[in-house]
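The values are calculated or read from the model by the stated rules, or taken from the named source; none is laboratory data. Bear in mind the structure is a predicted one, so any value in this text is a computation, not a measurement. Backbone-built Cβ (ideal geometry, glycine too); neighbour counts: all protein chains shown. Just the protein is used for accessible areas: all its heavy atoms, side chains included, with ligands, DNA and RNA removed. Shrake-Rupley method; radii C 1.70, N 1.55, O 1.52, S 1.80 Å.
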Amino acid sequence: MSIESTIKDLVNTLPNSVELIAISKTHPAEAIQEAYNAGQRSFGENRPQELKRKWEELPKDIKWHMIGHLQTNKVRMIANFVDFIHSVDSQRVIELINSEAARVDRVINILFEIKIAQEDSKHGWNIDEFNTFVESGEWRKLKNVSIRGFMSVATYSDDQNQIEREFLTLNKLFLQHKETFGSNFDTLSMGMTSDYELAIECGSNMVRIGSLIFGNRDYNIKK
Ligand SMILES: *Cc1c(COP(=O)(O)O)cnc(C)c1O
């Protein structure tokens, strides 16, 4: 199926409450332009250099989402244009995003990446670690980030029950923290090509879909 028809199909089948982020990492600007022409405006990338290059080349009304682990020395590279950062996995990173956003007089939407998968290679907060950070109240000082919700990647597995358990764990944490963070806290980013339907059943309202739209990637990106 073409990029255009896949986008249109997805938009027709996803519930209205669910936002589609087209994950375009490794794919050329032309492929993104094709999705753009089909009406798609939100795209996700996982490498700061690639993200910046594509932002420079492509229409300026695209909303860019950073979904990959962010090294602290790369935050400045994207702070003047990135719309959402899904991969906030430490206090150091959120504080740095806040100060870089302040430098360019912006407010950047952020999601905390929570570790729900069994593989221990993945980045993100352990739930206990995250709760400790929340209790510290340190995040209240950060005026140039808008704390919007959580992002997570489930275990890569055929075991639907396990994936479902992980998604439900994140949804529960999301509901628990709604009151803490207030009305801006409205985004639960979970679900990719292989598991987005299950993620939506478990409460996701933002799905990150790459290969279904753009085809297989040439090389495997480390998660
Ligand atoms: C690559 C990636 C996706 C998209 O994965 P697909 O299986 O191609 O849909 C989603 N989320 C994250 C964090 C990714 O790195």
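May I ask you to verify whether Gln160 is away from the ligand (no atom under 14 Å from the Cβ), in contact (Cβ under 8 Å) with a residue 12 or more places away in the chain, open to solvent by 30 Å² or more (accessible area, probe 1.4 Å) and over 18 Å from the mean Cα position of the chain (by Cα)? Yes. Contact map, the stretch 15-32: residues that are under 19 Å from Asp186 (Cα atoms) paired with residues that are part of a loop (DSSP other than H, G, I, E, B) and open to solvent by less than 60 Å² (accessible area, probe 1.4 Å), Cβ distance under 8 Å, separation 6+ or inter-chain. Pairs shown: Ser17/Asn205; Val18/Ser204; Val18/Asn205; Glu19/Asn205; Leu20/Leu14; Leu20/Gln40; Ile21/Ile67. All of (1) of a type outside the set (Lys, Arg); (2) outside any loop (DSSP other than H, G, I, E, B); (3) touching a residue at least 12 places away in the same chain (Cβ under 8 Å); (4) exposed (fewer than 14 other Cβ atoms within 10 Å of the Cβ) hold for Glu179 with one exception: (3).
If we keep just the residues of the stretch 104-124 that are surrounded by fewer than 21 Cβ atoms within 10 Å (Cβ to Cβ) and at pLDDT 95 or above, which is nearest to Gly44 (Cα to Cα)? Per the stated criteria, the residue is Asn109.
For the stretch 203-222, the condition of being of a type outside the set (A, V, I, L, M, F, W, C), assigned to a helix (DSSP H, G or I), farther than 17 Å from His65 by Cα and modelled with pLDDT of 95 or more holds for none of the residues. Among residues of the stretch 60-97 being polar (S, T, N, Q) and in contact (Cβ under 8 Å) with a residue 40 or more places away in the chain, the one that is nearest to the ligand (Cβ to nearest atom) is Ser87. Can you spot a residue in the stretch 135-144 that is of a type in the set (S, T, N, Q) and farther than 21 Å from Ser90 by Cα? Scanning the stretch 135-144, I find no residue that is of a type in the set (S, T, N, Q) and farther than 21 Å from Ser90 by Cα, so the answer is no. For the stretch 121-137, the condition of being within 13 Å of the ligand (Cβ to nearest atom) and not in a loop (DSSP other than H, G, I, E, B) holds for none of the residues.
The stretch 1-92 holds helices (runs of 4 or more DSSP H) entirely within its bounds, and those carrying 2 or more residues that are within 29 Å of Trp139 (Cα to Cα) map to 48-57, 75-78. Please specify each residue of the stretch 35-48 satisfying the condition of being within 16 Å of the ligand (Cβ to nearest atom) and not hydroxyl-bearing (Ser, Thr, Tyr). Ala35, Gln40, Phe43, Gly44, Glu45, Asn46, Arg47, Pro48 - these are the residues of the stretch 35-48 that are within 16 Å of the ligand (Cβ to nearest atom) and not hydroxyl-bearing (Ser, Thr, Tyr).
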